[in-house]
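Reviewing the structure listed below.
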Amino acid sequence: MGLDYKWVFWNTHKKAYDRLIVSGMVIYLVLFFTISFLTNPEIIAETVIIRAFGSLAIIMLHIILAIGPLTRLNTKFLPVLYNRRHLGVSMFLAALIHGIFAIIHFHALGNVNPIYSLFTSNMDYGSLTNFPFQVLGFFALLILFVMASTSHDFFLHNLSAKTWKRLHMMVYLAYALVILHVFLGAFQQETSVFTTATLFLGWLTLVSLHLVAAFKESKVDRFVAEKNTEGWHKVCPPEEIEESRAKIFTVKGERVAIFKYDGKLSAIHNVCKHQGGPLGEGKIVDGCVTCPWHGYQYLPHNGQSPPPFTEKVKTYALKIEKGMVYINPKAFPEGTAIPPISSS
Amino acid sequence: MIAGQRKAHKYIWIGIAVVLPLLMFLAIKDLDFTSARTSDASGELPVSFSLSGQSLKIQVDTPLKSTASLVYEMYTDGSRGNILGQLEGRGSYEFLISPGTKGIYIMDAIKKEELFKIEF
Ligand code: HEM
Ligand code: FES
């Protein structure tokens, strides 16, 4: 990881997107309040707060879930990925306000503990359309809380990238819970073709994006290269790789990034140690492979982050035979130095 | 992402693609999208209700005068219990009441007055 890169690129982006997130949220809320009170002057503030923040949270959740596949389908969306976590934390805050107001409004006026009341005021757990939908919202909020509070890199390092990723895949469960929360809750009380159709279209969009991206990726994963007599895989002619950029190549279902820089070629594992970003979609900045997601850096010849950082990725041996680049499919342990080969 | 994670993501989304629309459909299949909140029958009482098991249906026929009307359960001793929800205008509402509830109160939330007291 490089301090300079982080400071220059990543911080300016970060601030600009943060401003965009906050102003987007404020504009939405102001519009929601204005329209609600204009169209229904009798409506009470609490109801509008519950609805404004609930709908804001679900819209943000859709945006967050669309970012991943969009970046895999088109790298133009990469800058948005920098701030997905901030978007996630802001979405959690909106959902929290919605949940707190709903609990106060619907449960705090009785004579039992509001959380207890949330679980017991409707006990029709066996029914579908009468299901206690607020419980679904509660569990979704709980998941979002765990994700928001572990979103900092501190937890990423302490939980290991794998556990963290697994934890954050719970967002899909939260999404399903929220959809059911709305279908079994708000839609039962106030039937509207418009909102039902909107959420259905949201589902359709997310599912299409994710499945198109997933099938595109699994095609790449299944790629089987031609091999030479020693079992090395044939990649491409060296001219095909752009200077300071990489070609991403699949060996045995894993992806490798083959970088060209200063007349040399080096190959490292394609997966960033930070959050699994695709290193081969980044470029060489100041002699280091720079992850396109958040700017972690690695030296191309040994896969190590320049000191004081300690991240390491696997490296691979390359050679040129009859004008073709070949790669040894057997990876070297993380951080093993491999002399770069000449690209000509 | 490593190949295993990509696979996990793929299967999760196939799951969401198959299961969620099924649940969405089941949730809305019995809803009436045409006549929601359009009932114009103006009875004498502003609200009428029907009770089946633990499910209480309240029909608001003429708009209520209070801006915020809250529905409460009535305990067997006649005291006000859990809040069930809110009536916002004409339309039909459905609430789930706790077993042993004797009736309901409809309260004006702002003036804090009792509007109706209905015993089952
Ligand atoms: C403790 C957690 C939660 C509680 C108690 C809760 C409660 C409620 C209630 C009572 C309603 C119906 C409001 C009405 O009809 O006016 C509602 C609707 C809704 N909720 Fe939640 N909710 C919770 C969590 C969430 C979360 C985590 C999300 C999304 C991220 C969410 C999104 C929505 C949406 C979109 C609606 C429908 C639109 C609306 O009326 O606001 N809720 N929720
Ligand atoms: S820097 Fe975050 S994934 Fe690479």
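The values are calculated or read from the model by the stated rules, or taken from the named source; none is laboratory data. Source: prediction; values computed, not measured. Cβ coordinates were reconstructed from backbone atoms using ideal geometry, including for glycine residues, and neighbour counts include every protein chain displayed. For the accessible areas, the whole protein counts, side chains as well, though only heavy atoms, and no ligand, DNA or RNA atoms are used. Shrake-Rupley method; radii C 1.70, N 1.55, O 1.52, S 1.80 Å.
What single numbered condition from (1) away from chain B (no Cβ under 14 Å); (2) within 17 Å of A:LYS312 (Cβ to Cβ) fails to hold for A:HIS269?
Single failed check for A:HIS269: (1).
Is it the case that segment A:291-301 has a residue that's open to solvent by 10 Å² or more (accessible area, probe 1.4 Å), within 14 Å of chain B (Cβ to nearest Cβ) and within 9 Å of ligand 2 (Cβ to nearest atom)?
Yes, there is a match, as at least one residue in segment A:291-301 is open to solvent by 10 Å² or more (accessible area, probe 1.4 Å), within 14 Å of chain B (Cβ to nearest Cβ) and within 9 Å of ligand 2 (Cβ to nearest atom).
Among the residues of segment A:189-196, is there at least one that is open to solvent by less than 20 Å² (accessible area, probe 1.4 Å) and either modelled with pLDDT under 90 or of a type in the set (Asp, Glu) (or both)? Give the steps one after another, and end with the answer.
Here is the first cut: in segment A:189-196, the ones open to solvent by less than 20 Å² (accessible area, probe 1.4 Å) are A:196.
Filter again for either modelled with pLDDT under 90 or of a type in the set (Asp, Glu) (or both), leaving A:196.
Yes; the residues of segment A:189-196 include at least one that is open to solvent by less than 20 Å² (accessible area, probe 1.4 Å) and either modelled with pLDDT under 90 or of a type in the set (Asp, Glu) (or both).
So, in segment B:46-78, of the ones that are closer than 10 Å to B:GLY103 by Cα and more than 15 Å from the chain's Cα centre (by Cα), which residue ends up modelled with the lowest pLDDT?
Among those residues, the one meeting the criterion is B:GLY78.
Among the listed residues A:LEU96, A:LEU70, A:LEU87, which satisfies the condition of being surrounded by fewer than 17 Cβ atoms within 10 Å (Cβ to Cβ), modelled with pLDDT of 85 or more and out of contact with any strand residue (DSSP E or B) (no Cβ under 7 Å at 6 or more places or on another chain)? Quick ask: steps written out before the conclusion?
Values: A:LEU70 fails: surrounded by fewer than 17 Cβ atoms within 10 Å (Cβ to Cβ); A:LEU87 fails: surrounded by fewer than 17 Cβ atoms within 10 Å (Cβ to Cβ).
From the options A:LEU96, A:LEU70, A:LEU87, the qualifying one is A:LEU96.
Restricting the search to segment A:215-268, which residues are of a type in the set (A, V, I, L, M), at pLDDT below 85 and surrounded by fewer than 18 Cβ atoms within 10 Å (Cβ to Cβ)?
A:VAL220, A:VAL224, A:ALA225
Anything in segment A:215-251 that is within 30 Å of B:TRP13 (Cβ to Cβ), among the aliphatic types (A, V, I, L, M) and either more than 13 Å from chain B (Cβ to nearest Cβ) or touching a Phe, Trp or Tyr at 6+ places or on another chain (Cβ under 8 Å) (or both)? List them, or say none.
Within segment A:215-251, A:VAL224, A:ALA225, A:ALA246, A:VAL251 meet the criteria.
Kindly indicate whether A:LEU199 is within 25 Å of the chain's Cα centre (by Cα) and within 16 Å of ligand 1 (Cβ to nearest atom). Show your work before the answer.
On the way: within 25 Å of the chain's Cα centre (by Cα): yes; within 16 Å of ligand 1 (Cβ to nearest atom): yes.
Judged against the criteria, A:LEU199 is a match.
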